[in-house]
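In what follows, a single structure is set out as structure tokens and then discussed.
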Amino acid sequence: MSELVKTRAIVLRKIDYGDTSRIAQFFTEDYGKISAIIKGVRTGKSKSGLVIDTFNNVQILMYKKESREVQLVSEVELIKHYQNIGEDLERIAFANGIVELLSNLTVENENNHKLYLGSAKALGLINDPSRSAKLIFAKFLIFFIKEIGYEFQVHKCSICGKNIDEENAAALNYDSGIICSECCKDRLIHTEINKELFNLLFCLSDKKNDIQYEEGNLNKIIRILEKFLKYNIHEFKGLKSLEIV
Ligand SMILES: [Zn+2]
């Protein structure tokens, strides 16, 4: 038996299937990542076809069956199309980065309401021409790492538990997290963290949105977090979307 459900979703990927159908991967609000077929959307009569496009936030009506790998979606309605993302290469790259993380590093059918809301919010902010797509992506990356269960504490040494500030922050170890200068002496260091990087990492983990930063440091943080993910998730080979920025 399948159950008819309605949920909001971000369109991650889409491919045409057969003569008139399309298969899409969605990150849904209530059921996590799912794949679904939408039949007949490529005929002139269907309104759903155009709305099934990467980054779009949509509402789907789905015949959901636990045992099925590809679900059946009968209706797709647009909630939000982010029209500015497509106008700028950097915005496209970072929005694609979000989609790539959701598509490759989340588990199918694993509900994460907060991750859906955070992802939709980040795409909305990347769509805002007055904001830096790179900064939003860096904040999203820290949020994402936490939501998939690899959070590292920024304000406490992961070995001795001592409070960390810019004076004693020294390194990031990909197994444990931030390490103070004292504990660094006999530990494996994966990445050294200087004062500036530590301060930026600290601000990015915070709720604030107005952050002073140097472009180069922000790039470094994104690369460090990407390496952290690669180290902890062996199947992850890095973000292809960011190769162009
Ligand atoms: Zn320590």
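The values are calculated or read from the model by the stated rules, or taken from the named source; none is laboratory data. Only a predicted model underlies this, so the values are computations on that prediction, with no experimental measurement involved. Glycine also receives a Cβ, built like all others from the backbone with ideal geometry; neighbour counts cover every protein chain displayed.
When the residues of region 182-210 are filtered to those that are among the aliphatic types (A, V, I, L, M) and crowded, with 16+ Cβ neighbours inside 10 Å, which remaining residue is nearest to the ligand (Cβ to nearest atom)?
If we filter region 182-210 for residues that are among the aliphatic types (A, V, I, L, M), which is where we start, we get 188-189, 193, 197, 200-201, 204.
Filter once more, keeping what is crowded, with 16+ Cβ neighbours inside 10 Å: 193, 197, 200-201, 204.
Working: ILE193: 13, LEU197: 17, LEU200: 21, LEU201: 16, LEU204: 22 Å.
Among residues in region 182-210 that are among the aliphatic types (A, V, I, L, M) and crowded, with 16+ Cβ neighbours inside 10 Å, the one nearest to the ligand (Cβ to nearest atom) is ILE193.
Evaluate the following for LYS146: is it more than 10 Å from the ligand (Cβ to nearest atom), touching a residue at least 12 places away in the same chain (Cβ under 8 Å), of a type in the set (D, E, K, R) and out of contact with any Cys (no Cβ under 9 Å at 6 or more places or on another chain)?
no
Go through region 74-84 and report how many residues are touching a Leu at 6+ places or on another chain (Cβ under 9 Å) and either outside the structural domain of VAL51 (by TED's automatic domain parsing) or closer than 14 Å to ILE10 by Cα (or both). Walk me through how you get there before you give the answer.
So the first thing to find is which residues in region 74-84 are touching a Leu at 6+ places or on another chain (Cβ under 9 Å), and the list is 74-78, 80, 82.
Add one more test, that the residue is either outside the structural domain of VAL51 (by TED's automatic domain parsing) or closer than 14 Å to ILE10 by Cα (or both), and what stays is 76-78, 80, 82.
Going through region 74-84 one residue at a time, the tally reaches 5.
Select from region 128-170 the residues that are among the hydroxyl-bearing types (Ser, Thr, Tyr) and exposed (fewer than 14 other Cβ atoms within 10 Å of the Cβ) and list them in ascending order.
Our first condition is that a residue be among the hydroxyl-bearing types (Ser, Thr, Tyr); within region 128-170, this holds for 130, 132, 150, 158.
Listed by number, the list holds a single entry, SER130.
Can you work out which of the residues in region 1-44 that are touching an Asp or Glu at 6+ places or on another chain (Cβ under 8 Å) and without any contact (Cβ under 8 Å) to a residue 40 or more places away in the chain is surrounded by the fewest Cβ atoms within 10 Å (Cβ to Cβ)?
Only one residue tops the list, namely ARG42.
Can you tell me how many residues within region 184-229 are touching a residue at least 40 places away in the same chain (Cβ under 8 Å), in contact with a strand residue (DSSP E or B) (Cβ under 7 Å, 6 or more places away or on another chain) and aliphatic (A, V, I, L, M)?
Residues flagged as touching a residue at least 40 places away in the same chain (Cβ under 8 Å), in contact with a strand residue (DSSP E or B) (Cβ under 7 Å, 6 or more places away or on another chain) and aliphatic (A, V, I, L, M) within region 184-229 amount to 1.
Checking the conditions here, which among PHE144, PHE228, PHE152 is in contact with a Gly (Cβ under 7 Å, 6 or more places away or on another chain) and not hydroxyl-bearing (Ser, Thr, Tyr)?
Values: PHE144 fails: in contact with a Gly (Cβ under 7 Å, 6 or more places away or on another chain); PHE228 fails: in contact with a Gly (Cβ under 7 Å, 6 or more places away or on another chain).
Selected residue: PHE152, the only one of PHE144, PHE228, PHE152 that is in contact with a Gly (Cβ under 7 Å, 6 or more places away or on another chain) and not hydroxyl-bearing (Ser, Thr, Tyr).
Taking SER176 as the residue in question, decide whether it is more than 16 Å from the ligand (Cβ to nearest atom) and of a type in the set (Ser, Thr, Tyr). Spell out how you get there, then give the answer.
Working: more than 16 Å from the ligand (Cβ to nearest atom): no; of a type in the set (Ser, Thr, Tyr): yes.
Against the criterion (more than 16 Å from the ligand (Cβ to nearest atom) and of a type in the set (Ser, Thr, Tyr)), SER176 does not qualify.
Among the residues of region 149-170, write down those that are touching a residue at least 12 places away in the same chain (Cβ under 8 Å), more than 10 Å from the ligand (Cβ to nearest atom) and within 26 Å of the chain's Cα centre (by Cα).
TYR150, PHE152, GLN153, VAL154, HIS155
Go through region 26-95 and tell me which strands (runs of 3 or more DSSP E), entirely inside it, have 1 or more residues that are more than 19 Å from the chain's Cα centre (by Cα) and among the hydroxyl-bearing types (Ser, Thr, Tyr).
57-64, 70-80
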